[in-house]
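The values are calculated or read from the model by the stated rules, or taken from the named source; none is laboratory data. Note that the structure is a prediction, hence the values are computed from the model and not measured. Here the Cβ positions follow ideal geometry from the backbone for every residue, glycine too, while neighbour counts run over all protein chains shown. When the accessible area is computed, the model is the full protein with side chains, heavy atoms only, and any ligands, DNA or RNA have been set aside. Shrake-Rupley method; radii C 1.70, N 1.55, O 1.52, S 1.80 Å.
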Amino acid sequence: MWKIKINGIIQGVGFRPFIYRLAHQFKLNGYVHNTTSGVEIVISGDKKKFNHFIEKVRKNHPSGADIKDLQIDKIKTKNYNNFTIKESKRKKGFTLVSPDLAVCEDCAEELHNSKDSRYGYALINCTNCGPRYSIIQNLPYDRPMTSMKQFSMCSFCENEYNDPLNRRFHAQPVACPKCGPELRLLNSKFVSVKGDPIKKTIELLKKGKIIGIKGIGGFHIACNAQNDKAVLLLRKRKKRPRKPFAVMCYAEKLMEIVSVTSSQMKLLKSSQAPVLVLPKKEPDILSSVVAPYNPFLGVFLPYTPIHHLILSKYLPFLIMTSGNCQDEPIAKAEKDLEGLCDYYLTHNRAIINQNDDSIILPADKVNILARRSRGYVPLPIDLPVNTVPSLGVGAQLKLSFSLAKQKSLFLSPYLGNADNKKTMDFFSQTVDAYKRWFKIKPELVAADVHPDYFTTHFAKELRLPLVQIQHHFAHIVSVMAEYKLKEPVIGIAYDGTGYGPDGTIWGSEIMVADYTQYKRGFCLNDMPLPGGDASILHPLRIALAYLIQAGEDISVIKNISSMEKSIIEKQVENKFNIISTSSMGRLFDCVSALLGLIHEVTFEAEAAMRLEFSALKASSTRKRYPYSIEDNRIDIIPLLRALVKDIKNKTDINIIAQTFHNTIVFFTLDAVNKLNRLTNIKKVVLSGGVMQNRIIVNGLIRELERRGYEVFFPIQIPVNDGCISVGQVVAANVYSHSR
Ligand code: ZN
Ligand code: ZN
Ligand code: FE
């Protein structure tokens, strides 16, 4: 007689039916049940058959399942004369919650099969697909603990639910048109519109209307991506003049708008179904305002039955943008989108936990994870160190938190930017949900060293032991933790903003770090930021201040009034209302504005992106600008002077942009070599918002590897500030232990 305990992703993925079928196949008796810490199987029978059974469990488990740990104990119990699935039980430890899963092939087929009883049913799902994370109120994951509790199954669904050999056996959200949630189409005043909601929605989209569509983890705002007028109206309503929109279409249509490799297609078709940002194809058959000034386009495949029903060859390309106002959490109810949409396609299965679409930017050797949300949360991340129950609250932008205990860390979805009340409310609600599900009661809280971040205030109000971790150190530690690195590394954190202990804004750290401490090796020289962070939206002001600091001719800067010019000149001269910064992000902003690529920024990193895109247009050059490295500083004044000279000589702007990128890669390499000579360290870790620039990432990985460095780039954890809470928790725990 044996007791088998299995931990991992095993709830809501058809694991128990799989065990049931397997036990019957091997004629083994006993039972299986979900516990709050995973799945437990008690089994009796022939030893040989049992070993075979275990082998199959390990090898042939359902594709959505992921076994983290399988433990077998010999026990003495009564003999069983059959094998059953028992009701869920509560137990100590973690239960892992499955992420929301994209529609599986079987369900998609039934959806389009006119003979199937769920033909055209917009909420079809099974044990292999459908909502999980987003409908959970509490654990264990059983129907009464989800937003399906108000729907009682009809006899047809119940039979499937209770049939161990059916694909819907114990699929908690199982439903059909007779008994399940219903679609409704509402007008802008939230009044029901008569007629078939799907047919009507398609009609309206074709007419250029803007429609809020309830997805799995939140609402999208949809419109026809080939209709200029509709896209422009959407931009106006969302107050989003240029930030790119993502486009959803069928796999067969994808090749018409972007270049995609077979491995990228596989990722798009996975149950995570992320947004992939891929090179646009020429000629652009979509509206030119979908992703203006941008050679890339975010694309994804239909991942809920509703998407499958709306897309067709008559309406092949839809903008599907997160239903929210700028940087706020994604809406879970149509009322949250008031004023933004003409109509709302909604249903009565409540979204309890929002999670936005995940975003990946493929580069040469790595997939850059820009947003880790739907499909990935709330899967745990294994830590290299033991942690006391702790909470990391993150930074300010691209907010996420981490809740950890022992060697498991639960990273929240992307929550928005922490500069508005809605995000902070969502933040604390989600913290509460995670604490409840994973039974973690924090005894330690980790935050940024920035005194004025909302998250820092939140952390202080918890009245728990607080450890504040420097922003770029947190960036580097998050990657060390992902790769479970044991020895010190050279960390490169190229970033927009991060509070330095010296009161300046950091963001170009090339450091030597382990989990307990970091030493800043090199960074850019301090440059003046007129008006502090406010200048981020006005890169011309940054360019002007940098040139004044460099003692350069400012006449190359156009499009700025003489009044603004003289104000900034005085500011820099008198060091009045100036913050010093060594941020790499600001250097990109400065150069982008110098080249006349952008005057005003309308979304984060817009200036830097323009510079990257400009460089991509140039025919390849190996040219670099001069710089010098002395006294732990990379002096960028020579770079700026040479760049201004090129502008005056009317050198092709794209070539200047590429030369600039080359220079960044090579001075970084120089600095790393210098640190390597001092420390012998060969492991290099990359993180920070600038590491979303594909030219920089490809260049750094290529050049570092060529010189024998082992490069670690985050894959499971975002490279931008979405990683900060992970680094905070790990560093805070090691710091507390080492005291
Ligand atoms: Zn399915
Ligand atoms: Zn039913
Ligand atoms: Fe950062």
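Among the DSSP beta bridges whose two residues both lie in the stretch 233-352, what percent are antiparallel, rounded to the nearest 5?
Beta bridges within the stretch 233-352, antiparallel portion: roughly 75 percent.
Considering only protein heavy atoms, what is the solvent-accessible area of D69 at a probe of 1.4 Å, reported in Å² to the nearest 10?
70
Over the Cα atoms of the chain, compute the convex hull volume and normalise it per residue, giving Å³.
Looking at the chain, the number lands at 171 Å³ per residue.
Antiparallel versus total DSSP beta bridges in the chain: what percent is that, nearest 5?
The antiparallel fraction comes to roughly 75 percent.
About the Cα centre of the stretch 71-172, how large is the charge dipole given +1 on each Lys and Arg Cβ and -1 on each Asp and Glu Cβ? Please answer in debye to the nearest 20.
Taking the Cα centre of the stretch 71-172 as origin, the dipole is about 820 debye.
Rounded to the nearest 10 Å², what accessible area does H112 show when all protein chains are kept and the probe is 1.4 Å?
100
Which residues in the stretch 17-41 have a backbone N closer than 17 Å to a point placed 7 Å from the Cα of N60 along the Cα-to-Cβ line?
17-29
Tell me, what % of the accessible area of the stretch 291-354 is carbon and sulfur with a 1.4 angstrom probe?
Exposed carbon and sulfur together represent 49 percent of the surface.
Leaving ligands, DNA and RNA out of it, report the carbon-plus-sulfur percent of the accessible area of the stretch 537-651 at a 1.4 Å probe.
C and S atoms contribute 50 percent here.
For the stretch 297-397, what's the relative contact order in percent, using C-alpha pairs closer than 8 Å and at least 6 residues apart?
Value for the stretch 297-397: 14 percent.
If you find the alpha carbon centre of the stretch 281-314 and of the stretch 216-277, how far apart are they in angstrom?
4
Rolling a 1.4 angstrom probe over the protein chains, ignoring ligands and nucleic acids, what is the accessible area of T668 in square angstrom, nearest 10?
T668 has an accessible surface of roughly 0 Å² with all protein chains in place.
How high is the relative contact order of the stretch 9-70, in percent, with contacts defined as C-alpha pairs under 8 Å that are six or more residues apart?
44
Among rounded, prolate and oblate, which fits the stretch 245-285 when a ≥ b ≥ c are the square roots of the eigenvalues of its C-alpha gyration tensor, a/c under 1.5 means rounded, and a/b larger than b/c means prolate?
Prolate, because a/c is 1.5 or more and a/b exceeds b/c.
Pairs K269/K313; K59/K253; K5/K76; K239/K575: which are spaced more than 24 Å apart, C-alpha to C-alpha?
K59/K253; K239/K575
Enter the Cα centre distance for the pair the stretch 138-173 and the stretch 700-739, rounded to the nearest angstrom.
Computed from Cα coordinates, the inter-centre distance equals 41 Å.
For Cα pairs less than 8 Å apart in space and 6+ apart in sequence, what is the mean separation divided by the residue count of the chain, i.e. the relative contact order in percent?
Dividing the mean separation by the residue count of the chain yields 11 percent.
Taking the Cα atoms only, what angle lies between the long axis of helix 47-60 and the longest principal axis of the chain, rounded to 10 degrees?
40
Would you mind getting the accessible area per residue of the chain, heavy atoms of the protein chains only, 1.4 Å probe, in Å²?
On a per-residue basis, the chain sits at 40 Å².
For the stretch 296-386, with only Lys/Arg (+1) and Asp/Glu (-1) charged at the beta-carbon, what is the dipole magnitude about the Cα centre, in debye rounded to 20?
My answer is approximately 320 debye.
Quick one: 3J(HN,Hα) in Hz for the stretch 359-376, Karplus 6.51/-1.76/1.60 with θ = phi - 60°, rounded, Gly and Pro as x.
So the Karplus estimates, Gly and Pro as x, are 10, 10, 10, x, 10, 4, 10, 9, 9, 7, 7, 8, 8, 9, 9, 3, x, 10 Hz.
Evaluate the charge dipole of the chain about its Cα centre and quote only its size in Debye, nearest 20, assuming +1 on the Cβ of each Lys and Arg and -1 on the Cβ of each Asp and Glu.
Charge dipole of the chain: 2160 debye, to the nearest 20.
Quick one: grab the alpha carbon gyration tensor of the stretch 373-485, order the square roots of its eigenvalues as a ≥ b ≥ c, and give me rounded if a/c is under 1.5, else prolate or oblate depending on whether a/b is larger than b/c.
It comes out rounded by the Cα gyration axes.
Please list, by residue number, every one of the trypsin sites (Lys or Arg not before Pro) in the stretch 1-66 that is coil in DSSP and has at most 11 other beta-carbon atoms within 10 Å.
K27
If you find the alpha carbon centre of the stretch 497-558 and of the stretch 378-393, how far apart are they in angstrom?
Cα centres, the stretch 497-558 to the stretch 378-393: 32 Å.
Only residues of the stretch 587-624 count here: report those whose backbone N is under 14 Å from the spot 7 Å along Cα→Cβ of N698, or say none.
612-622
Kindly sort D66, D495 by accessible area of their heavy atoms, largest first, with the probe set to 1.4 Å.
D66, D495
For a quick check of your reading of the filter: which trypsin sites (Lys or Arg not before Pro) in the stretch 291-385 sit in a DSSP loop and have no more than 16 other Cβ atoms within 10 Å?
K313, K365
Roughly what % antiparallel, to the nearest 5, for the DSSP beta bridges in the stretch 406-514?
65
What is the angle, in °, between the Cα long axis of helix 606-617 and the longest principal axis of the Cα atoms in the chain? Nearest 10 is fine, range 0 to 90.
80
Just to verify a number: FRET efficiency for M265 and E705, C-beta to C-beta distance, R0 = 22 Å, to 0.05?
0.25
Could you list the trypsin sites (Lys or Arg not before Pro) in the stretch 206-236 that lie in coil according to DSSP, counting only those with at most 16 other Cβ atoms within 10 Å of their Cβ?
K207
Would you mind classifying the stretch 458-534 by shape? Square roots of the alpha carbon gyration tensor eigenvalues, ordered a ≥ b ≥ c; an a/c under 1.5 is rounded, otherwise it is prolate if a/b is larger than b/c and oblate if not.
oblate
What is the sum of charges around I6, taking Lys and Arg as +1, Asp and Glu as -1, for the other residues whose C-beta is under 9 Å from the C-beta of I6?
0
Between 0 and 90 degrees, rounded to the nearest ten: what's the tilt of helix 539-549 against the longest Cα principal axis of the chain?
Approximately 40 degrees, to the nearest 10.
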